[in-house]
Structures are given as C-alpha cells and as structure tokens.
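Right, one structure below, let's go through it.
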Amino acid sequence: MNAVQARSWKDPLFFAAVGAALLYWGVLYLLVQPSPDPAWPLREPLRFLYPALLYPVVEEVIFRGYLQELAHRHLKPWRLGPLSHANILTSLLFTALHFIHHPPLWAAAVLVPSLLFGFFKDRSGRLGAPIALHVFYNSGYFLLFTQ
C-alpha cells in the first residue's frame, strides 16, 4: 500500500471534491431553477435509494473497478494533466451511456464528476473514495432535481 492509498480519507483533495459537489449543485440549481420537494424521498424511498445509493456502487464497480483498470492494463498510457488515459476513456464512455436515458445537458453534465471519480480511483487505487463521492453527488442531484 502506497502513501496515497493509506491516507485517501485524509486527502484534502477528497474534501475539495465534496465541496465541488456543492458548487456543482449550486450552478445547476441557478441554471435550472427547480422547485424541489425535500420530502419526496420519504414518500418514495426506493425511487431515491436506487439512483442515490445502489446505482453509484454498481457503476463504480463496473466503470472504475473493471473498465478503468482494464484500460490501464491494455492501452498505451498517456495523461492529460492529472487525468490518466484510462480515466478519460472510461469517463467518456460513462458519459456517452447517459445520453441514452437523459436529456443532452444532463448527460453532458456527468463528464466532470465522472473524471473526478476516476481521478480518485487512480489516486487511491481503491473504490471507496469514488463510491463515496458518487453517492454524495447523486444524492444531492436527486434531492434537488427529482420530484
């Protein structure tokens, strides 16, 4: 275990990513100006828990745990700043798949968080941080923008 893996939950960048979620939701909120009903998850708990908790875990295992690792092992490495080739390619695929069931703006908005989740998978070598961030990002999104 390297030094980054040992301290991933003490990583200040992890907490910056949590703060970025607040900023991300704020910008989306100003652009869309929804009328959220904070009580809806209590009325329909499964409608909230699946996309806020279950889907992020499954998606991170598939995309970061399997596909991103596969790209690391089998493709020639290159970087774009702090982002690995595996993260960029996985995030582009992840975002493209969101275009199937989401309006274009919402699907495109997935790219930045996906790159962030992949960055923390590369940084820590584990899925804990990406899963935690994905759950946090989805929970806020669905609380604000779903009714």
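Just so it is clear, none of the values below were taken in a lab; they were calculated from the coordinates. Nothing here was measured: the structure is a model prediction, and the numbers come from that model. Here the Cβ positions follow ideal geometry from the backbone for every residue, glycine too, while neighbour counts run over all protein chains shown.
Rounded to the nearest 20, the size of the Cβ-charge dipole of the chain about its Cα centre is 420 debye, with Lys and Arg at +1 and Asp and Glu at -1. Look at (1) 12, 44, 35, 9, 0; (2) 11, 39, 36, 12, 2; (3) 9, 19, 16, 13, 11, 9, 7, 6, 5, 3, 2, 1, 0: the one that is P(r) over Cα pairs in 10 Å bins from 0, in percent derived from this structure is (2). Ranked for footprinting exposure by Cβ neighbours inside 10 Å, fewest first, VAL58, VAL135 give VAL58, VAL135.
Taking the charge dipole of the chain about its Cα centre, with +1 at Lys and Arg Cβ atoms and -1 at Asp and Glu Cβ atoms, the residue from LEU13, PRO103, TRP25 reaching farthest to the positive side is LEU13.
From Cα pairs below 8 angstrom and at least 6 apart in sequence, can you work out the relative contact order of segment 11-145, rounded to a whole percent? Over segment 11-145, the number comes to 37 percent.
By the count of other C-beta atoms within 10 Å, a proxy for reagent exposure, PHE99, PHE117 are ordered fewest to most as PHE99, PHE117. The modelled label-to-label distance between TYR50 and LEU30, using points 7 Å beyond Cα along the C-beta direction, is 3.4 nm. Across segment 93-105, computed HN-Hα scalar couplings (Karplus, 6.51 cos²θ - 1.76 cosθ + 1.60, θ = phi - 60°) run 5, 4, 5, 4, 5, 6, 5, 5, 10, 10, x, x, 4 Hz from first to last residue, x flagging Gly and Pro.
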